[in-house]
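The values are calculated or read from the model by the stated rules, or taken from the named source; none is laboratory data. Given the structure is predicted, the values throughout are model-derived calculations rather than measurements. In this analysis, Cβ positions are derived from the backbone assuming ideal geometry, glycine residues included, and neighbour counts consider all displayed protein chains.
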Amino acid sequence: MNRVAIVTGAARGVGAAVVRQLADQGWRVVALDVCADLPGVAYPLGTRDELRRLADEHPESVREVVADVRDAAALTEAVQVAEAEFGGLDAAVAAAAVMAGGSPLWETTDTELDLLFDIDVRGVSNLARAAIPAMLRRPEPRAGRFVALASAAAHRGLYHLAGYNAAKHAVVGLIRGLATDLRGTGINATAVSPGSTRTDMLTATAAYYDLDDVEQFAGHQVVERLLGPEEVAAAVCWLCDERASAITGTVVHADGGFTT
């Protein structure tokens, strides 16, 4: 039986790398992204063309869906695509997230905090509420997987990014609670916390710190280099595998030693 996944934030970055690796491993994947720039996000987000090109790389195994993770009904419809097109759902990867900040917490606006929590936290919750019932419809013994992208920011305070710190810390808490709710079901819930990874989000973070080159972040990691999205995706895909059955309710630090 082919394994089936849904991945949010799929147009580029870690999300796109997850889709590619899962498809290469024989998975069927629903690749979802908002494919639009959003008010309050100071950098361009993934595009419809990027999402379409990703799907075109694996025309038999990847379906593209344009949707906002803040829209719970849209995520339910995306899960229905997975069930209708591929016969069910075995894994959900919550990779959609945004970065906002650049000011101390007392100067952070409600708009920024709402954006961070609505997308980075509620978006994860919305995906879980849509995907878990579909995974529970799989016959026992099942091997469902829910994986959320947290961040090294969930574990270390970052200058002028307190709202982002809080949102990613909330993702970890949500995963721990979800894993407990799923006890005995055969479905595991985990988080992956990347370090500084070569993505558009990291470029945006550099701008908050007036850095000319994202490579300046490399020194914060034991590996003394930036990570590639494919390296973080490899950890996510491993957690989606049936063989990762012992891992639930915890965080995998794919951070190049950032939090060492």
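Taking the conditions (1) modelled with pLDDT under 95; (2) charged (D, E, K, R); (3) crowded, with 24+ Cβ neighbours inside 10 Å in turn, Asp200 satisfies each one other than (3).
Do we find that Ala55 is crowded, with 24+ Cβ neighbours inside 10 Å and closer than 18 Å to Ala16 by Cα in this structure? Against the criterion (crowded, with 24+ Cβ neighbours inside 10 Å and closer than 18 Å to Ala16 by Cα), Ala55 does not qualify. All of (1) crowded, with 24+ Cβ neighbours inside 10 Å; (2) of a type in the set (Lys, Arg); (3) more than 19 Å from the chain's Cα centre (by Cα) hold for Arg142 with one exception: (1).
Within the stretch 100-111, residues that are farther than 12 Å from Tyr164 by Cβ have Cβ atoms under 8 Å from residues that are crowded, with 18+ Cβ neighbours inside 10 Å in these pairs: Pro104/Ala162, counting only partners at least 6 apart in sequence or on another chain. The requirement of being part of a helix (DSSP H, G or I), within 29 Å of Asp37 (Cα to Cα) and of a type in the set (Val, Ile, Thr) is fulfilled somewhere in the stretch 131-154, by at least one residue.
Mind checking whether some residue in the stretch 169-178 is over 15 Å from the mean Cα position of the chain (by Cα), under 23 Å from Val30 (Cα atoms) and part of a helix (DSSP H, G or I)? So far as the stretch 169-178 goes, yes, one or more of its residues are over 15 Å from the mean Cα position of the chain (by Cα), under 23 Å from Val30 (Cα atoms) and part of a helix (DSSP H, G or I).
You will find that of Arg122, Arg183, the residue that is at pLDDT 95 or above, of a type in the set (D, E, K, R) and either in a strand (DSSP E or B) or closer than 28 Å to Glu231 by Cβ (or both) is Arg122 and no other. Out of curiosity, is Leu127 surrounded by 20 or more Cβ atoms within 10 Å (Cβ to Cβ) and either among the charged types (D, E, K, R) or in a helix (DSSP H, G or I) (or both)? So Leu127 fits the description; yes.
Highlighted here are the strands (runs of 3 or more DSSP E) found entirely within the stretch 1-99 that include at least 2 residues which are at pLDDT 95 or above and farther than 20 Å from Ser151 by Cβ: 4-8, 28-33, 62-66.
In the stretch 186-198, which residues are more than 17 Å from Gly173 (Cβ to Cβ) and either over 13 Å from the mean Cα position of the chain (by Cα) or assigned to a strand (DSSP E or B) (or both)? Listed by number, the residues that qualify are Gly186, Ile187, Gly195, Ser196, Thr197, Arg198. For the stretch 25-79, the set of residues classified as under 29 Å from Ala207 (Cα atoms), hydroxyl-bearing (Ser, Thr, Tyr) and either touching a Gly at 6+ places or on another chain (Cβ under 8 Å) or without any contact (Cβ under 8 Å) to a residue 60 or more places away in the chain (or both) consists of Thr47 only. Inside the stretch 38-72, residues that are in contact with a helix residue (DSSP H, G or I) (Cβ under 9 Å, 6 or more places away or on another chain) and under 27 Å from Glu112 (Cα atoms) make up a count of 19. For first residues located in the stretch 152-163 and closer than 12 Å to Ser196 by Cβ, partners that are hydrophobic (A, V, I, L, M, F, W, C) and surrounded by 22 or more Cβ atoms within 10 Å (Cβ to Cβ) and lie 6+ apart or on another chain with Cβ distances below 8 Å form the pairs Ala152/Phe258; Ala153/Leu161; Arg156/Phe258.
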